[in-house]
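Sharing a structure below in C-alpha cells format, with a few things to ask.
The values are calculated or read from the model by the stated rules, or taken from the named source; none is laboratory data. This is a predicted model, so every value here is computed, not measured. Glycine also receives a Cβ, built like all others from the backbone with ideal geometry; neighbour counts cover every protein chain displayed.
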Amino acid sequence: MSQPPSPGPPDPDRPASPWEQPAAGPEPPSSRGYDPQQPPGQGPPQDQPQWGQQPQGDQPQWGQQQPYHMYGPPRRPATNVLAVLSLVFAFVFAPAGIVLGHLAQRQLRTSGEAGGQLATWGLILSYIFTALGLLACCGWVALVAIGGNDGGTY
C-alpha cells in the first residue's frame, strides 16, 4: 500500500512523505540566551531579537502579511468640485468665486476630499478681482461725475 521510509539521506527531488519523521533541525536557544560556542560574558547580539521576543521595526513576523492592495497603490481622495469652481469663477465672475470658495472650505473641513489649496487660491483671486472691479466701477463713476459737470451749457 505505501512504501516504508528509506534509511538513507532524503532525495531533494522527491517530495516528503506524510509518514516520514521530520528531519531534526536546529534547536532554539534557551531562554537565558546561552550558547556553548560563545565565550562567557557575551550575550546575544543586541540588534537581533532573542528567541520568543517580538522583532522590532517594520518587518512583519512569520505568518503575517504585508497590507496588499489588489489594484495597485491606494487612490488619492477626490477633489472637491466647489473648490475647482471657485478657482474658475475667480476669472469669470469673482463674487461667485468668493461664495463658492467659502462653501468649498466648509465642505473640506467635514469631508476627506482634496482641494484645499484650490479653494484657497480661488478665494484669494476672487477677492483681488472683486476689489479691482469695485475700484474700476468707482473710478468710472468718479470720471462720469467729474466729466458730466460742465456747467450745463452746450
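In this structure, does Q61 turn out to be surrounded by fewer than 10 Cβ atoms within 10 Å (Cβ to Cβ) and at pLDDT below 60?
Against the criterion (surrounded by fewer than 10 Cβ atoms within 10 Å (Cβ to Cβ) and at pLDDT below 60), Q61 does not qualify.
Which residue is modelled with the highest pLDDT, if the candidates are limited to segment 102-154 and must be outside any helix (DSSP H, G or I) and among the polar types (S, T, N, Q)?
S111
Just one of S126, S111 is hydroxyl-bearing (S, T, Y) and surrounded by 17 or more Cβ atoms within 10 Å (Cβ to Cβ); which is it?
Testing whether each residue is hydroxyl-bearing (S, T, Y) and surrounded by 17 or more Cβ atoms within 10 Å (Cβ to Cβ) leaves just S126.
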